[in-house]
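Accompanying notes for the structure given below.
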Amino acid sequence: MTYLAKNYNRKKISFVKGKGSYLYTSSGIKYLDFVQGIAVNCLGHANPKLAETIKNQSKKLWHISNAFQIPEGEKLAKKLCQKTFADYVIFQNSGTEATEAAIKVARRYYYSIGKPYKNRILCIKNSFHGRTIAAIFASGSKKMTEGFGPKVPGFDHINFKNKKPRFPNLRNKIKKNTAAIMVETILGEGGIKQIPDKCLKYLRKICYQKKILLILDEVQCGVGRSGDFFAFEQSKVKPDIVPIAKGIGGGFPIGAVLMNKKVATGMTPGTHGSTFGGNPLAMAVGNSVIDIVSSKKFLNNVKKSSKYFFSKLNKLKKRYPNIIKEIRGRGLLIGIKLHKDQGKFIQKLMDNKLLTIRAAENVVRILPPLNVKKIELDQAIKIMSKVCSELK
Ligand SMILES: Cc1ncc(COP(=O)(O)O)c(C=O)c1O
């Protein structure tokens, strides 16, 4: 009997403890966790530095209203701006709040410059920006919006194709009332599909030409997950607005929307707010996370682990071409597209004590902590290899 509503399809397992890359059941059974809260625990479970930060801050101050100055938030915003394209930050508590705040920033900017009719957001059909009422209509996915009408207006959709042209008919989709294009730099839930650098550049060029804004949702692929602090950095594209969440809290709920100076002018006092967003406890954790994750050495190490893991995964694909169709992704945001049923594969990995999670297009998502050890990657490959041989 459970008193929790049935909106999740939960596995029949629970954990009482986590350490680094591992989770432990109450009877002490150890699982290699390559879900990590879906790209949240970037430093693994119970990271000692983060545990110490929480302990210290919890003795000082947990929560205070945004009616007052919050020095820990000032500090984190400064670091985020100094390390990225951004000039200003608003803190939230989750990814979906961050994407909705991004939409608000874009609309409010056009309102503030006397163009309130520019309010429509162009998104990729069947993308993922969260589960709140506007965010589900931003995704345009039937599965997510069914039964949640009336439809929230203000969103248009483009297709993102696997082959060229990647964004067919894009120019015609941008109308006089379009405010922004909002896309995930790497589609996470959508099956770990990267928008190639060339296409990102193309999007940026069109946004400049049509005088609209570019919002890059880095909730899942940001904060070191791609091997760069932001996944779009590799393309040299500068977005106007970037929602982030997941990794920046290392397991503590934090969301944020980063923006440039130009668009920030619309966000005058009273235009947006959050009771919990940017509280001192969350901000203290965020500061500790960013100090570790944004260092060149740490990011180089993510790239190194990624290169090693991809080479092993591609070898596995070569050995089992009838099972593995494609290895996708970048950094430690990895998708294995299968020929056979993804659910069965994930269950078999779990039977062998490796936790992974599904994504669209029959993809198995692999999300190790960013500080994963080589020996743990080897262990995962060994388990995957065993499962492939059993399914052959
Ligand atoms: C790209 C992207 N945007 C937004 C969200 C929503 O984040 P949250 O679940 O924290 O609301 C997610 C969550 O998976 C995501 O992957």
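The values are calculated or read from the model by the stated rules, or taken from the named source; none is laboratory data. All values reported here derive from a predicted model rather than from experimental measurement. Here the Cβ positions follow ideal geometry from the backbone for every residue, glycine too, while neighbour counts run over all protein chains shown.
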Members of segment 342-392 found to be closer than 12 Å to I323 by Cα and of a type in the set (S, T, Y), listed by number: S385, S389
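Given the residues L122, L80, which is the only one that is farther than 16 Å from H157 by Cα, away from the ligand (no atom under 15 Å from the Cβ) and touching a residue at least 12 places away in the same chain (Cβ under 8 Å)? Let's see the steps before the verdict.
On the way: L122 fails: farther than 16 Å from H157 by Cα.
Sole residue among the options that is farther than 16 Å from H157 by Cα, away from the ligand (no atom under 15 Å from the Cβ) and touching a residue at least 12 places away in the same chain (Cβ under 8 Å): L80.
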Set K104, K143: member being farther than 20 Å from E218 by Cα and either within 20 Å of the chain's Cα centre (by Cα) or modelled with pLDDT under 95 (or both): K143
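Among the residues of segment 235-242, is there at least one that is within 15 Å of the ligand (Cβ to nearest atom), in contact (Cβ under 8 Å) with a residue 40 or more places away in the chain, buried (at least 24 other Cβ atoms within 10 Å of the Cβ) and within 12 Å of the chain's Cα centre (by Cα)?
Yes; the residues of segment 235-242 include at least one that is within 15 Å of the ligand (Cβ to nearest atom), in contact (Cβ under 8 Å) with a residue 40 or more places away in the chain, buried (at least 24 other Cβ atoms within 10 Å of the Cβ) and within 12 Å of the chain's Cα centre (by Cα).
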Evaluation of S21 against (1) within 16 Å of the ligand (Cβ to nearest atom); (2) among the polar types (S, T, N, Q); (3) over 24 Å from N93 (Cβ atoms) (one fails), failing number: (1)
Output for segment 83-112, where each listed residue is within 16 Å of the ligand (Cβ to nearest atom) and over 26 Å from N177 (Cβ atoms): F91, Q92, N93, S94, G95
Matching residues in segment 251-273 - criterion: being out of contact with any Gly (no Cβ under 9 Å at 6 or more places or on another chain) and within 16 Å of the ligand (Cβ to nearest atom): P253, V257, L258
Those helices (runs of 4 or more DSSP H) lying entirely in segment 132-229 with at least 2 residues more than 12 Å from the ligand (Cβ to nearest atom), on the phi < 0 side of the Ramachandran plot and buried (at least 20 other Cβ atoms within 10 Å of the Cβ): 197-209
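Taking E100, is it free of Cβ contacts under 8 Å to residues at least 60 places away in the same chain and buried (at least 20 other Cβ atoms within 10 Å of the Cβ)?
Working: free of Cβ contacts under 8 Å to residues at least 60 places away in the same chain: yes; buried (at least 20 other Cβ atoms within 10 Å of the Cβ): yes.
Against the criterion (free of Cβ contacts under 8 Å to residues at least 60 places away in the same chain and buried (at least 20 other Cβ atoms within 10 Å of the Cβ)), E100 qualifies.
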Residue within segment 358-381 that is in a helix (DSSP H, G or I), charged (D, E, K, R), surrounded by 14 or more Cβ atoms within 10 Å (Cβ to Cβ) and in contact (Cβ under 8 Å) with a residue 12 or more places away in the chain present: yes
Any pair with Cβ under 6 angstrom, 6 or more apart, that starts in segment 206-227 at a residue that is not assigned by TED's automatic domain parsing to the domain that holds I334 and ends at one that is within 16 Å of the ligand (Cβ to nearest atom) and aromatic (F, W, Y): L216/F232; E218/F230; G222/F230
I248 being farther than 20 Å from F160 by Cα, more than 10 Å from the ligand (Cβ to nearest atom) and either at pLDDT below 95 or buried (at least 23 other Cβ atoms within 10 Å of the Cβ) (or both): yes
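Looking only at segment 110-131, which residues are assigned to a loop (DSSP other than H, G, I, E, B) and not hydroxyl-bearing (S, T, Y)?
Pass one, segment 110-131, residues assigned to a loop (DSSP other than H, G, I, E, B): 113-119, 125-131.
I113, G114, K115, P116, K118, N119, K125, N126, F128, H129, G130, R131 - these are the residues of segment 110-131 that are assigned to a loop (DSSP other than H, G, I, E, B) and not hydroxyl-bearing (S, T, Y).
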Checking R107 against (1) surrounded by fewer than 23 Cβ atoms within 10 Å (Cβ to Cβ); (2) in a loop (DSSP other than H, G, I, E, B), the condition it does not meet: (2)
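Suppose the filter is closer than 30 Å to A359 by Cβ and either surrounded by 22 or more Cβ atoms within 10 Å (Cβ to Cβ) or within 16 Å of the ligand (Cβ to nearest atom) (or both); does A39 pass it?
Values: closer than 30 Å to A359 by Cβ: yes; either surrounded by 22 or more Cβ atoms within 10 Å (Cβ to Cβ) or within 16 Å of the ligand (Cβ to nearest atom) (or both): yes.
The answer is yes for A39.
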P253 being more than 30 Å from K115 (Cα to Cα) and either modelled with pLDDT of 95 or more or touching a Pro at 6+ places or on another chain (Cβ under 9 Å) (or both): yes
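Check V89, V152 and return the single one that is under 21 Å from the mean Cα position of the chain (by Cα), β-branched (V, I, T) and assigned by TED's automatic domain parsing to the domain that holds K261.
Details: V152 fails: under 21 Å from the mean Cα position of the chain (by Cα).
On inspection, the qualifying residue turns out to be V89.
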